[in-house]
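Participant: Would you mind keeping the following structure in view while I ask a few things?
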Amino acid sequence: MIGASGQIGSDLVLELRKRFGADNIIASDIREPMKEVLEGGPYVELNALNKSDIEKVVDDYKITEVYHLAAILSGNAEKNPAKAWEINMNSLFIILDIAKEKNLDKIFWPSSIAVFGPGTKKQNTPQNDFMDPNTVYGISKLAGERWCEYYHQKYDVDIRSVRYPGLISYKTEAGGGTTDYAVEIFYEAVKNNKYECFLSEETALPMMYMDDAIDATITLMETDADKIKVRSSYNLAGISFNPMQLAEEVKKQNPDFEITYNPDFRQAIAESWPQSIDDSVLVEHLAWKPKYNISAMTEVMYREIKKKLG
Ligand code: AKB
């Protein structure tokens with residue numbers, strides 16, 4: 001796995017090790033991962049832009065599948081477009097080429113709801129709606145999807161992908177995304193009983209609790225190749241809510257909690273994205289459904305972050 005120290009990687013590597021054996025999952029990242037990942041199985045320090053180092057790890061460990069998760073998220077990408085483009089695109093090319101050259105069995109690469117833009121239908125956005133992303137991150141994800149499909153059609157690379165909504169988890173903090181308010185709110189509610197949100201109160205976005213995202217990802221990777229009909233990326237829906245609705249749920253866990261709103265540059269990004277997603281194509285192809293609603297997610301998040309912060 002490339003990107004094992006990030007928000008998705010930290011949870012995914014632990015679940016993969018649990019299901020397939022710790023020694024069979026090689027975690028890698030440029031940053032040191034959390035203790036559980038570092039000590040629970042093999043870990044290699046790796047730069048996602050260094051093709052020869054990645055090839056060496058693939059050969060040394062006889063890697064057959066790669067989860068390539070390294071990316072610069074939407075908020076941070078706007079601050080340094082050239083760097084975000086380089087990391088998001090070149091690291092994908094490296095993995096696609098290695099998969100083609102070394103005949104790897106399967107690749108997972110995450111796309112995002114950020115592939116959609118201002119011209120997209122906002123509610124229940126279908127799998128194949130109009131796509132005009134206007135963020136660096138969204139443009140890189142849409143271009144990446146096209147390259148994934150290209151490598152599948154031209155070189156038979158077995159690449160699989162989902163368009164993640166905003167992901168909510170407690171093991172590692174999110175970093176640099178537009179949906180990150182839905183993680184930060186829990187830390188601030190536990191530490192300070194208050195949170196200043198960088199999106200306005202009625203900005204609804206598609207979100208998902210991490211356990212559901214991990215389950216969808218592994219289900220996709222374990223499905224027979226002939227059933228995977230979408231080789232760009234599947235819409236993945238989860239739950240949809242705005243900051244005010246989430247704050248109401250947090251208040252049920254902590255009645256003293258107060259939220260204020262001070263939208264910044266991420267407001268425009270959020271407004272360009274769908275408010276809810278139609279993932280009926282994925283549901284039909286994979287027979288998969290999420291388990292967490294907003295209340296169940298809030299309960300686990302609040303409890304676990306309280307435990308984590310002592
Ligand atoms: C972000 O906010 O940039 C990400 C995403 C929706 O892909 N969480």
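Participant: Can you list which of the chymotrypsin sites (Phe, Trp or Tyr not before Pro) found in segment 229-310 are DSSP loop residues with at most 14 other C-beta atoms within 10 Å?
Facilitator: Sparse-neighbourhood loop chymotrypsin sites (Phe, Trp or Tyr not before Pro): Phe265.
Participant: Moving on. Once the Cα atoms of helix 7-20 and of the chain are each reduced to a long axis, what angle between those two axes, in degrees from 0 to 90 to the nearest 10, is obtained?
Facilitator: On a 0 to 90 degree scale, this one is about 60.
Participant: To the nearest 0.05, what FRET efficiency results for Arg146 and Ser52 with a Förster distance of 22 Å applied to their C-beta separation?
Facilitator: Efficiency, rounded to the nearest 0.05: 0.25.
Participant: Hey, if you put +1 on the Cβ of every Lys and Arg and -1 on every Asp and Glu Cβ in segment 1-135, which of Ile26, Leu38, Ala4 ends up farthest toward the positive end of that dipole?
Facilitator: Result: Ala4.
Participant: Suppose a student asked you for the relative contact order of the chain, using Cα pairs under 8 Å spaced at least 6 residues apart; what percent would you report?
Facilitator: Details: 598 pairs, mean separation 57.2, N = 310.
Relative contact order for the chain comes out at 18 percent.
Participant: For Glu55, tell me the accessible area in Å² from a 1.4 Å probe, rounded to the nearest 10.
Facilitator: Approximately 50 Å² of Glu55 is accessible to the 1.4 Å probe.
Participant: Can you say what percent of the DSSP beta bridges in segment 155-310, counting only those with both residues inside, are antiparallel? Round to 5. Show your work: numbers first, answer last.
Facilitator: Details: 3 of 12 bridges.
Of the beta bridges lying entirely in segment 155-310, close to 25 percent run antiparallel.
Participant: In addition: Between the alpha-carbon centers of segment 162-237 and segment 3-57, tell me the distance in whole angstrom.
Facilitator: That distance is 20 Å.
Participant: Rounded to the nearest 10 Å², what accessible area does Leu49 have for a 1.4 Å probe in the complete protein model?
Facilitator: 60 Å²
Participant: Right, another one. Taking the highest mean first, how do the peptides 67-78, 84-95 order by number of other beta carbon atoms within 10 angstrom per residue?
Facilitator: Most protected by this proxy first, the peptides run 67-78, 84-95.
Participant: While we're here: Once the Cα atoms of helix 294-309 and of the chain are each reduced to a long axis, what angle between those two axes, in degrees from 0 to 90 to the nearest 10, is obtained?
Facilitator: 90 degrees
Participant: For the chain, give me the percentage of DSSP beta bridges that are antiparallel, rounded to the nearest 5 percent.
Facilitator: Bridges in the chain that DSSP calls antiparallel: roughly 10 percent.
Participant: I've got another one for you. Mind checking segment 129-231 for chymotrypsin sites (Phe, Trp or Tyr not before Pro) that DSSP puts in a loop (not H, G, I, E or B) and that have at most 14 other Cβ atoms within 10 Å?
Facilitator: Values: sites: Phe130, Tyr137, Trp147, Tyr150, Tyr151, Tyr155, Tyr170, Tyr181, Phe186, Tyr187, Tyr195, Phe198, Tyr209; in loops: Phe130, Tyr170, Phe198.
Taking segment 129-231 and a limit of 14 other Cβ atoms within 10 Å, the loop chymotrypsin sites (Phe, Trp or Tyr not before Pro) found are Phe130.
Participant: What do you get for the angle between helix 210-222 and the principal long axis of the chain? Use alpha-carbon atoms, 0 to 90 degrees, nearest ten.
Facilitator: 20 degrees
Participant: For a quick check of your reading of the filter: which trypsin sites (Lys or Arg not before Pro) in segment 256-310 sit in a DSSP loop and have no more than 14 other Cβ atoms within 10 Å?
Facilitator: Hits after loop and neighbour filter: Lys291.
Participant: Here is a follow-up. Give me the accessible area per residue for the chain, probe 1.4 Å, as a whole number in Å².
Facilitator: Details: 13420 Å² over 310 residues.
Each residue of the chain exposes 43 Å² on average to a 1.4 Å probe.
Participant: Please compute the length gained on full extension between Asp256 and Glu173, using 0.36 nm multiplied by the number of residues separating them and subtracting their Cα-Cα distance.
Facilitator: This chain segment gains 27.6 nm when fully extended.
Participant: Got a number for carbon plus sulfur as a percent of the chain's accessible area, 1.4 Å probe? Walk me through the numbers before you get to the answer.
Facilitator: On the way: 6210 of 13420 Å².
Here it works out to 46 percent.
The values are calculated or read from the model by the stated rules, or taken from the named source; none is laboratory data. From a predicted model like this one, the values you see are computed outputs, not experimental measurements. No Cβ is skipped: glycine too gets one built from the backbone with ideal geometry, and neighbour counts run over all protein chains shown. All accessible areas refer to the heavy atoms of the entire protein, side chains included, with ligands and DNA or RNA removed. Shrake-Rupley method; radii C 1.70, N 1.55, O 1.52, S 1.80 Å.
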